[in-house]
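Shown next, in structure tokens, is the structure this report addresses.
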Amino acid sequence: MSVGQEFWIVAAGCSKDQGANAEKDSYLAALKGNSAFSRGGAGEGGPWKFDVPDGDKSLLFGSFDNLIRLTDDLAKADSSVDSIVHRLERQYVELDPKADFKVKSQRQEKTLVDYLKNWSWDEAKYPKTRPVLDNLTLLMSVVNKLDEEARNKTAQYNEMKTARTNLSKKEGANLMARDLVDVLTPDVVKMQGTPDDDFIYTDHITTVVVILPRGGDHEFLKSYETFAENVIPLSARKFAGMDDKDGNTLWRVLMFKSAAESFKKHCRDHRIVTRDFEYSEDGFKRLKHQREQIEDSVKRHHEIVRGLYQAAWSDAIIAWIHVKAMRVFVESVLRFGMPPRFASFMISPKPNAAPAARKALADILGKGAKAEKAEQDDEEYYPYVSLSFTPFNVQR
């Protein structure tokens, strides 16, 4: 089934006697024999019977006033479920561009085409002994909960991805922006508990990290010892192999703790960048563990949300088709009268062949009557019940 492929659900009245079934078969044969409805050999465009309950097994609706009310309620529900189905479709495709849309109905998993071809009313979910309005209320409650759960899980998943991004390495950044935990790692920092260590922290001594621009090291080495009192002479050391793509270099300077703030201020005044960083092998290991944990959590939630979208879309599309069936029933009763006897079918007209398909439907189902414009708006009034829907509209 292609993205953007439109389906029509159409219905025509039948005899109110025992000849209704033969009349349904006759309609179907006529539709199948018309070239306007052939989409080639794939069999993905119908026409198929859309077996909305009628006759002795029809849906319950109560009074005529209920039917009028249902017309509006069902139209609103149709629009609402349409939006939810396509929102779930979009979210599923964004999460998994190779998303596999399958319908799980009555313990069977099918493609959407197979589900539509063999559609039948789900008596377990929406018993015909329950009025249409009550079934609709239940259906919308379930669909809205699905939508809410999908939104909540999506928000949680996005928060987790944001946390991963905040903890992740900023590979493309220069030394000004990178997290120095990812630069000054245990495998490149010399820490052996000797005076020659790269970082020294005692009760009185601390280490300040400095980033110098390309060519700035000569001037810095001549003057850094004068930036503040108690800077340890000859303590400036460059970290080899750490130069970034802009030519910035990474250094450390040892000094008494009392000198650190004055030293940093002097650097700022002379446009030399210092970074607040305290080397810790344990801190690096903790961060690495945090990253591994958040990565595992993101992967796990990805699968949870993916499964949720898959199941929610399936349940929502099933609900949508049942809303369509309810609308066909209500509009058929209003148009063709009681007792409910009508034939309904599903078709997908060939691309660019809608006018020919409408003419064929008017000839077959409308007994040759022509479509007319409604008095109060520009919508077409067909000589048969007609609804449409587009299952997929997200390109992938």
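The values are calculated or read from the model by the stated rules, or taken from the named source; none is laboratory data. Everything numeric here is computed off the predicted structure, so don't read it as measured data. So basically every Cβ, Gly included, is an ideal-geometry build from the backbone, and we count neighbours across all protein chains shown. These accessible areas exclude ligands, DNA and RNA; they are computed on the full protein's heavy atoms, side chains included. Shrake-Rupley method; radii C 1.70, N 1.55, O 1.52, S 1.80 Å.
At-a-glance table
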| item | result |
| --- | --- |
| Residue satisfying all of: in region 216-261; β-branched (Val, Ile, Thr) and outside any strand (DSSP E or B); surrounded by the most Cβ atoms within 10 Å (Cβ to Cβ) among these | Ile232 |
| Qualifying positions in region 1-19 - part of a loop (DSSP other than H, G, I, E, B) and among the small types (Gly, Ala, Ser) | Ser2, Gly4, Ser15, Gly19 |
| Residues of region 262-272 satisfying the condition of being over 11 Å from Tyr224 (Cβ atoms) and either assigned to a loop (DSSP other than H, G, I, E, B) or at pLDDT 95 or above (or both) | Ser262, Lys264, Lys265, Arg271 |
| Lone unmet requirement of (1) touching a strand residue (DSSP E or B) at 6+ places or on another chain (Cβ under 6 Å); (2) closer than 23 Å to Gly247 by Cα for Arg178 | (1) |
| Single condition Ala124 does not satisfy, out of (1) under 19 Å from Ala312 (Cα atoms); (2) under 28 Å from the mean Cα position of the chain (by Cα) | (2) |
| Unique residue being open to solvent by 40 Å² or more (accessible area, probe 1.4 Å), in contact with a helix residue (DSSP H, G or I) (Cβ under 9 Å, 6 or more places away or on another chain) and polar (S, T, N, Q) when the list is Asn135, Asn144 | Asn144 |
| Every pair of residues 6+ apart whose Cβ atoms lie under 8 Å, when the first sits in region 199-219 and is at positive phi while the second is among the small types (Gly, Ala, Ser) and in a loop (DSSP other than H, G, I, E, B) | Gly215/Gly247 |
| Failed criterion for Ile272 (all others in (1) out of contact with any helix residue (DSSP H, G or I) (no Cβ under 9 Å at 6 or more places or on another chain); (2) within 20 Å of Ala173 (Cα to Cα) hold) | (1) |
| Subset of region 3-40 (residues that are charged (D, E, K, R) and touching a residue at least 24 places away in the same chain (Cβ under 8 Å)) | Glu6, Lys16, Glu23, Lys24, Arg39 |
| Matching option when the condition is open to solvent by less than 60 Å² (accessible area, probe 1.4 Å) and either in a loop (DSSP other than H, G, I, E, B) or among the acidic types (Asp, Glu) (or both), among Asp56, Asp73, Asp65 | Asp73 |
